[in-house]
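First comes the structure, then the notes that go with it.
The values are calculated or read from the model by the stated rules, or taken from the named source; none is laboratory data. These figures come from a predicted structure and were not determined experimentally. In this analysis, Cβ positions are derived from the backbone assuming ideal geometry, glycine residues included, and neighbour counts consider all displayed protein chains. Just the protein is used for accessible areas: all its heavy atoms, side chains included, with ligands, DNA and RNA removed. Shrake-Rupley method; radii C 1.70, N 1.55, O 1.52, S 1.80 Å.
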Amino acid sequence: MADELKTRILEILKTMEAPDGKQDVVSRGIVSDIFIADGKAFFSLTVPADQAQLFEPFCRRIEQQVATLDGVTKAMVALTAEKTAGSSAPRQSAPRPSAPPQGQGPAAPQGRRQGPGKAGVPGIEKIIAVASGKGGVGKSTTAVNLALGLSALGLKVGILDADIYGPSIPKLLALRDKPSSAGGRTIIPLEAYGLKAMSMGLLVDEETPMIWRGPMVMSALTQMLREVEWGELDILVVDMPPGTGDAQLTMAQQVPLAGAVIVSTPQDLALIDARKGLAMFRKVDVPVLGIVENMSYFVAPDTGKRYDIFGHGGAKSEAERLGVPFLGEVPIEMAIRESSDSGRPVVAVEPDGPHAKSYRDIAAQVLAELDSAGAKTEAPRIVFE
Ligand code: ADP
């Protein structure tokens, strides 16, 4: 069914005249893999960065045409920019620091494409997503402390806050400055506790209500990945928006993720949401590195007695049932909340405490899972021209 739909989508694309007057987009091989889920079709076109604006209205026309097909409720077409063949210097466009671009394709320095729609980011060894099925489970807190845990293990780590609906990394890392721009061409990330950090929240005015469309999210995110001077990183941790909607799916599909960590609280409801997250990453062939159970139990500070207030252990048994690694549990702790909310993450400010140890252990397990995921799906090497 999905294959048949893909064929029909390609047939439509073949009949559409490209805005640059050249061959149709299928024949010239610039259409990514087409991904179809729940009646929604996602794919991207790779065009030279300077033609993004020309192609943008064309994408909208494709979306309308594809949505007329039986079996497609909605189509989302994003533009990705490819380095022009033969140029050795990475292409860069001016960052647009006041608001994310309105869906125009980002100009991007890129390594050779790893697969359809997924180009590696030069200098960044691995990108991992931290995701949750719903908000408020401690995803961002986990992302920050996991990043710090990885850094404590000696890795060069960055954190990218892609949670467009409620960017919280600036608060968690007490980032107050606006990032500056190098010659108006690239964005210099901020630094906190040894991490390079960047957030949509630093670029978008908090007061401005934003309605995010899929391609717009994608191009803002691609810009964050490719136009920020991350330098050499072993791991970039991406704090994803909560949930499993269009924005998440587009990101999971198009960001070259080496794996995903799913954060859940022990409650059943949250686990149902976590299962959806798991299913989403599996659909797009991103290895799920495992589940972290947050707010797992509570230790009374006065008596030291442990209380399993949310019915502890749900995530662990669920992980076993689903056949994904259980990465560890983090208790609900005043110290974690207070330090997080005041921009002093527990791994950074109490590195010898028990919570820092939990996060370092989780980080070590994430690394081990990344290694075995890498061994299973030997990624094509990125070759630089
Ligand atoms: P999400 O990213 O899932 O929306 P956050 O990381 O922003 O969640 O966390 C939501 C709230 O819960 C924050 O106030 C945070 O400080 C708090 N919190 C997260 N994890 C813990 C924990 N293990 N113990 C206590 N408070 C926590």
HN-Hα J couplings of region 171-178 from phi, Karplus 6.51/-1.76/1.60, θ = phi - 60°, integer Hz, Gly and Pro as x? 5, 5, 10, 6, 8, 10, 6, 7
So what's the net charge close to L148: Lys and Arg +1, Asp and Glu -1, counting the other residues with Cβ under 14 Å from its Cβ? -1
Per the rule of 0.36 nm per residue minus the C-alpha distance, extending S27 to S317 adds in nm 99.5 nm
For L233, the residues 5 or more places away or on another chain with a placed amide H closer than 5 Å to its own amide H are I124, E125
Just want the answer: with Cβ charges of +1 for Lys and Arg and -1 for Asp and Glu, which residue in A315, A363, G158 is farthest toward the dipole's positive end in region 124-376? A315
Where the centre of each part is set by its Cα atoms, how far does region 309-352 sit from region 224-253, in angstrom? 22 Å
What nm value, rounded to one decimal, do you get for the distance between S180 and R306 when each label is placed 7 Å out toward the C-beta? 4.9 nm
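Can you send over the carbon and sulfur percentage of the accessible area for region 2-80, probe radius 1.4 Å, protein chains only?
Values: 1720 of 3740 Å².
Summing carbon and sulfur atoms, their accessible area is 46 percent of the total for region 2-80.
How large is the Kirkwood hydrodynamic radius of region 124-376, counting all unique pairs of alpha carbons, in Å?
Numbers: mean 1/r = 0.0552 Å⁻¹.
Taking the inverse mean of 1/r over all distinct Cα pairs, region 124-376 comes out at 18.1 Å.
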Once ligands and nucleic acids are excluded and a 1.4 Å probe is used, how much of K126 is accessible, expressed in Å² to the nearest 10? 60 Å²
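Note the full-extension length gain between Q51 and S372 as 0.36 nm times their separation in residues minus their Cα-Cα distance, in nm to one decimal.
111.6 nm
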Full-extension gain between V299 and T68, please, as 0.36 nm times their residue separation minus the C-alpha to C-alpha distance. 77.5 nm
Considering only protein heavy atoms and a probe of 1.4 Å, how much of the accessible area of region 124-376 is carbon and sulfur, as a whole percent? 51 percent
Surrounding charge for V263, neighbours by C-beta under 14 angstrom, Lys/Arg +1, Asp/Glu -1, total -1
